[in-house]
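Below: one structure, written as structure tokens.
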Amino acid sequence: MKTFQGSMTALATPFLNGALDEGAFRALVRAQLEGGTNVLLPMGTTGEAVTMDSEERAHAIAVVVDEVKGRVPVVAGAGSNSTRETVDSVRRARLSGADGALIVTPYYNKPTQAGLVEHYRAIAKAHPGFPLIAYNVPGRTGVDLLPETALRLCDIPEVVALKEATGNLARAVDLLELCGERLTLLSGDDFTVLPFIACGGQGVISVSSNVAPRMMADLVAAARGGDIAKARALQVRMNALHRLLFVESNPIPVKWALHLMGLFGPEVRLPLVPMGEANAEKLKGALLQLDLLKG
């Protein structure tokens, strides 16, 4: 069973006149590979998957797989609030060539902890041997996958990792205490990469690495390698960037940043709207400070 570790980018999706901008998407993938990113994740929250239909998502995943050509793993976002729909989304991701699937906890319908376990169990049963990453982000879903529930997920061989996006370091320690090395723990919070790895994490699924892949890859490598001084310096250096990439709903700011960098246009799909002028100017300043833009 494959495992996924290191600096992992939740890819933004470029649109042009309402459709996937395939050329810009491929350019983003190449920039990620050149920047040292270890795993690519299309069709997550950052990829605006919730406003794309199933055919669009499958095509986007296939584009990434084709551009990567096996150089790094591709893990496709495939979660929804319907277990049946998620099973089908995983099927489509597999057909598109993905190496694994990121499965967010069901949102809006607020399942119980027992319901969460059965959700993941049903997906695994439908796709035996296919690696799954459970994804806990209660700020978006309205449900929190608790450490005791993560322990129960350890009985499902297909669940190989957990993306923990609460930013709660006590939670990271609780997960390590209960699950040990059975689950690969991945940060879903750019602000706490270093401390999360220090608490037993094996990497991050990052938004900021869309615009600063080398910096994030170096931060993760330093943290995992025990070079705390280097990792701390990078964590602090990137802090203003993290703040501004989340000052409005993700992925509005990261798409604007990529636009300023000339990688692709700022187009987002409703109900998201372009970044506000004042915040956009602050974001430009942060990019200039990190030498990610030409003045």
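The values are calculated or read from the model by the stated rules, or taken from the named source; none is laboratory data. For clarity, every value in this text was computed on a predicted model and none was experimentally measured. Glycine gets a Cβ as well: all are built from the backbone with ideal geometry, and neighbour counts include every protein chain shown.
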Exercise for the section: Considering each residue of segment 125-171, count those that are of a type in the set (D, E, K, R), outside any helix (DSSP H, G or I) and surrounded by 16 or more Cβ atoms within 10 Å (Cβ to Cβ), and give that number. Expected result: 4
Exercise for the section: For segment 82-94, state whether one or more residues are under 19 Å from the mean Cα position of the chain (by Cα), buried (at least 18 other Cβ atoms within 10 Å of the Cβ), under 17 Å from I205 (Cβ atoms) and of a type in the set (S, T, N, Q). Expected result: no
Practice task
Please find, among A122, A98, A24, A31, the residue that is free of Cβ contacts under 8 Å to residues at least 40 places away in the same chain, hydrophobic (A, V, I, L, M, F, W, C) and outside any loop (DSSP other than H, G, I, E, B).
Solution key: A122
Problem - Looking only at segment 277-289, and only at residues there that are out of contact with any Leu (no Cβ under 6 Å at 6 or more places or on another chain), among the aliphatic types (A, V, I, L, M) and within 22 Å of M215 (Cβ to Cβ), the one that is surrounded by the most Cβ atoms within 10 Å (Cβ to Cβ) - result: A280
Practice task
Please report, ordered by residue number, the helices (runs of 4 or more DSSP H) entirely within segment 191-242 with at least 3 residues that are touching a helix residue (DSSP H, G or I) at 6+ places or on another chain (Cβ under 8 Å), touching a residue at least 40 places away in the same chain (Cβ under 8 Å) and buried (at least 23 other Cβ atoms within 10 Å of the Cβ).
Solution key: 213-225
Problem - Any chance G35 is surrounded by 16 or more Cβ atoms within 10 Å (Cβ to Cβ), closer than 15 Å to K163 by Cβ and touching a helix residue (DSSP H, G or I) at 6+ places or on another chain (Cβ under 9 Å) - result: no
Fill in the blank from the handout: Picking from V65, V29, the residue that is surrounded by 17 or more Cβ atoms within 10 Å (Cβ to Cβ), β-branched (V, I, T) and touching a Ser or Thr at 6+ places or on another chain (Cβ under 8 Å) would be V65
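Let's see how each residue does on (1) in a loop (DSSP other than H, G, I, E, B); (2) surrounded by fewer than 16 Cβ atoms within 10 Å (Cβ to Cβ); (3) free of Cβ contacts under 8 Å to residues at least 12 places away in the same chain:
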residue	(1), (2), (3)
L244	no, no, no
L258	no, no, no
M275	yes, no, no
K294	yes, yes, yes
Practice task
Scan segment 163-176 and report the pairs whose first residue is closer than 16 Å to I133 by Cβ and whose second residue is polar (S, T, N, Q) and part of a loop (DSSP other than H, G, I, E, B), with Cβ atoms within less than 9 Å and a gap of 6+ or a chain change.
Solution key: A172/T166
Exercise for the section: Go through segment 52-80 and give me each residue that's of a type in the set (D, E, K, R) and within 23 Å of L270 (Cβ to Cβ). Expected result: D53, E55, E56, R57
Problem - Residues (touching a strand residue (DSSP E or B) at 6+ places or on another chain (Cβ under 6 Å) and in a helix (DSSP H, G or I)) located in segment 103-119 - result: none
Practice task
Would you mind stating whether G100 is under 20 Å from the mean Cα position of the chain (by Cα), at pLDDT 95 or above and closer than 29 Å to F25 by Cβ?
Solution key: yes
Practice task
Specify which of the listed residues (T3, T37) is within 22 Å of S206 (Cα to Cα), among the hydroxyl-bearing types (S, T, Y) and at pLDDT 95 or above.
Solution key: T37
